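Novice: My questions all concern the structure below.
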Amino acid sequence: MRVFGLCHNFSLIYLKPKLVYIMKLNASIVRYPLIFTFLVCSQLLSSLTAFAEDIWVLNHANIIDVNDTDETIKRDMAVIVEGKIIKSIVSSSQIPSHIPKIIDAKGAYLLPGLVDMHVHVWDKPELKAYLAKGVTSVRNASGMPYLLEYQSDIEAGQLVGPRLITTGPILNSSGPNSQANHQIVETAEQAIAAVNWQYQQGFKHLKVYSNLSTEAYQAILIEAQKLGMSVMGHPPEGKRDPGIPFDKPFHIEFESILDDNLVTIEHVESIVWHALKEDINSQAFQTVARKIAQAKVAVTPTLIAHHNLIKVAQTHGDYLQRSGTETLNPFITAFEKDVYDYWSSRPKYFREDLDHFYLEATKILYESDVKLVAGSDSGIFTNIPGISLIDELMLLQKAGLPNLEVLKSATINAAETLNEATQFGAIQENLAADLVLYSENPLDKLTTLYEPKAVIKAGRYFSEDELKQLWKEASESNLERSQAQIYNALEQQESFRKP
């Protein structure tokens, strides 16, 4: 109060885009040397300036309420943003007069920022691709230690990108689905050591994979519960011994994992494989879907992951050169050349019957009240960051989901599944100011999602021109840097093994 007394006699002038203060010091109350007084007042006024610039309004927006089953649109609304959160939502005619910065949405449609629940992040540039397409949160499904640094830098505003939620390295056992970036664990002892290594690194979430042995999988579940870590992933099958699954059953039957408290089961194709042995049988899948619904386990269909494989086969590889693939990490694309060659050489109609069945299976899941969350598997094969999530939403629509349910899969459903609905996923007071603005109503025209007019991430406004610049910068990956940090991470994640 004493300092304020020194500086109370000033007038405030607003000159867009910055606040300018003119101080009129009352000489009769100045009891300190002039220089000291100037510094004290400057510091106070600097704080006031930062506070004022921290509040702004998005005006004349039509808000799509993803929680409203009647598809009600709140028209001509003003969203008041303070810092990183939505401070309040009022009619456009009720904006408080003290807020100087107003951005006119001009009747555009406002959605919560999109959430991609299954991505693979390898380097910083690709993070910008997600934001450029309206994706303000991603769940990375194959973590490496350096991604925890990205996570902290994004949260601190030092790195441009979506909110980054990440599992640790994929936990798997040796088998036909094991890959170079997996932490391979065969025994309970190895599994416990790997889980604790991930926990000590700072990971809070685990991803399990198809070939996990029964012993290792059970140990992971027990240790995760002890440490308070969540678990998601492919449905573990156990060791793939000769004759499995067509002559012998899986060591871990699909139904047995439904009570394992998995946050999500990844990939409809994995469910069809594990539960039906790839038998295209709608009636049998209805039974599976009912059991998933009863267990209250969410599913990430990732239809686009298999669909893109089919597209490559249909075009004999030309699909690999489509616009947007320049944002894929160059080290990973080089690493996957053999996979590209394989699918480019497949017959034109290879696995199309299964591709169609995955759509039908997704509709069955929806009609059985299984919570669906949208994920794209972006960052691997030819799944383009940002765009592939929109592609996935189009496939969910094609599967038979109403547009509102499609939007919910990439907003509120994702937030609820992550137990973060009090943080983001809807347009409500005190939630994160993660928003996307579109020229047309996506409830009527879902394809408008490909072209966001503006994106707000943690309160920061990105104009349409800035989004185009982000997309351009997303292709500026560095092969040597990516290779170095990935190899270093792979070496790190093997350190859990005892010498």
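Novice: Decide, for the stretch 407-447, between rounded, prolate and oblate: order the square roots of the alpha carbon gyration tensor eigenvalues as a ≥ b ≥ c, take rounded if a/c falls under 1.5, and otherwise choose prolate if a/b is larger than b/c, else oblate.
Specialist: Oblate, because a/c is 1.5 or more while a/b does not exceed b/c.
Novice: So what's the gap between the Cα centers of the stretch 205-255 and the stretch 458-473, to the nearest angstrom?
Specialist: That distance is 41 Å.
Novice: Give the cross-link partners of K498 among the aspartates and glutamates, using a straight C-alpha distance below 15 Å as the criterion and excluding same-chain residues fewer than 8 apart.
Specialist: Counting by Cα, and skipping residues close in sequence, K498 has these aspartates and glutamates nearby: E186, E189.
Novice: Further, regarding this structure: Where the centroid of each part is defined by its Cα atoms, how far is the stretch 370-386 from the stretch 308-358 in Å?
Specialist: Spelled out, the Cα-based centre of one part sits 15 Å from the other.
Novice: Just rank Y342, Y209, fewest to most, by other beta-carbon atoms within 10 angstrom.
Specialist: Lowest count first: Y342, Y209.
Novice: Measuring from the lowest to the highest alpha carbon on each principal axis, how far does the stretch 266-324 reach, largest first, in angstroms?
Specialist: Principal extents (largest minus smallest coordinate, Cα): 43, 23, 14 Å.
Novice: Further, regarding this structure: When each pair of different Cα atoms in the stretch 363-458 is counted once in the 1/r mean, what is the Kirkwood radius in angstroms, to one decimal?
Specialist: 14.2 Å
Novice: Counting only residues 5 or more places away or on other chains, whose amide H sits under 5 Å from the amide H of E440 once H atoms are built in the peptide plane?
Specialist: Amide H to amide H, under 5 Å and 5 or more residues apart or across chains, E440 pairs with Y109.
Novice: For the stretch 90-140, what relative contact order do you get, as a whole percent, if you take Cα pairs closer than 8 Å and at least 6 residues apart?
Specialist: Averaging sequence separation for qualifying contacts and normalising by length gives 40 percent for the stretch 90-140.
Novice: Something else about it: Give the calculated FRET efficiency between R460 and E186 to the nearest 0.05, with a Förster radius of 56 Å applied to their Cβ-Cβ distance.
Specialist: Rounded to the nearest 0.05, the efficiency is 0.75.
Novice: What order, most packed first, do the peptides 60-67, 175-182 have when packing is the mean number of other Cβ atoms within 10 Å of each residue?
Specialist: 60-67, 175-182
Novice: Output the pairs from K124/K457; K337/K408; K207/K453; K133/K445 with a Cα-Cα distance over 27 Å in this structure; if there are none, say none.
Specialist: Flagged as over cut-off: K337/K408; K207/K453.
Novice: Based on the alpha-carbon gyration tensor of the stretch 58-121 and its eigenvalue square roots a ≥ b ≥ c, which shape applies: rounded if a/c is under 1.5, prolate if not and a/b is larger than b/c, or oblate?
Specialist: Verdict is oblate for the stretch 58-121.
Novice: Moving to a separate point now. For the stretch 82-239, give the magnitude of the charge dipole about the Cα centre (Cβ charges: +1 Lys/Arg, -1 Asp/Glu; no others), in debye to the nearest 20.
Specialist: For the stretch 82-239, the charge dipole is close to 600 debye.
Novice: Related question: If you take the square roots of the eigenvalues of the alpha-carbon gyration tensor of the stretch 307-396 and sort them as a ≥ b ≥ c, do you get rounded (a/c under 1.5), prolate (a/b over b/c) or oblate?
Specialist: Oblate is the answer for the stretch 307-396, as a/c is 1.5 or above yet b/c matches or exceeds a/b.
Novice: A further question follows. In deg cm²/dmol and to the nearest 500, what is the mean residue ellipticity at 222 nm of the chain if only DSSP H runs of at least 4 residues count, each as -39500 (n - 2.57), divided by the residue total?
Specialist: -11500 deg cm²/dmol
Novice: With only Lys, Arg, Asp and Glu charged, each at its Cβ (+1 for the first two, -1 for the last two), find how big the charge dipole of the stretch 56-153 is about the Cα centre; round to the nearest 20 debye.
Specialist: 260 debye
Novice: Explain nothing, just compute: Karplus ³J(HN,Hα) = 6.51 cos²θ - 1.76 cosθ + 1.60, θ = phi - 60°, for every residue of the stretch 81-92 in order, whole Hz, x for Gly and Pro.
Specialist: Calculated HN-Hα couplings, in order: 9, 10, x, 9, 10, 7, 6, 6, 10, 9, 5, 4 Hz.
Novice: Over the stretch 110-216, what is the relative contact order in percent, taking alpha-carbon pairs closer than 8 angstrom and at least six residues apart?
Specialist: So the answer I get is 24 percent.
Novice: Aspartates and glutamates near K74 by alpha-carbon distance under 20 Å, same-chain residues fewer than 8 away left out - which ones?
Specialist: Here the aspartates and glutamates satisfying the reach criterion relative to K74 are D65, D104, E405, E429, D434, E440, D444.
Novice: Scattering from the C-alpha atoms of the chain alone, worked out with Debye: what is log10 I(q)/I(0) at q = 0.07 1/Å?
Specialist: Normalising to I(0) and taking log10 leaves -0.43.
Novice: What dipole magnitude, in Debye to the nearest 20, does the chain give about its Cα centre under +1 on Lys/Arg Cβ and -1 on Asp/Glu Cβ?
Specialist: Roughly 1760 debye, rounded to the nearest 20.
Novice: Taking the highest mean first, how do the peptides 355-363, 343-351 order by number of other beta carbon atoms within 10 angstrom per residue?
Specialist: 355-363, 343-351
Novice: Next up: In percent, what relative contact order does the chain have, based on Cα pairs under 8 Å that are 6 or more apart in sequence?
Specialist: 18 percent.
Read-outs: derived from the displayed coordinates by stated rules, not from any lab. Small disclaimer: the values here were computed from a predicted structure and weren't measured. Cβ sites come from the backbone with ideal geometry, for glycine too, and all protein chains shown count toward neighbours.
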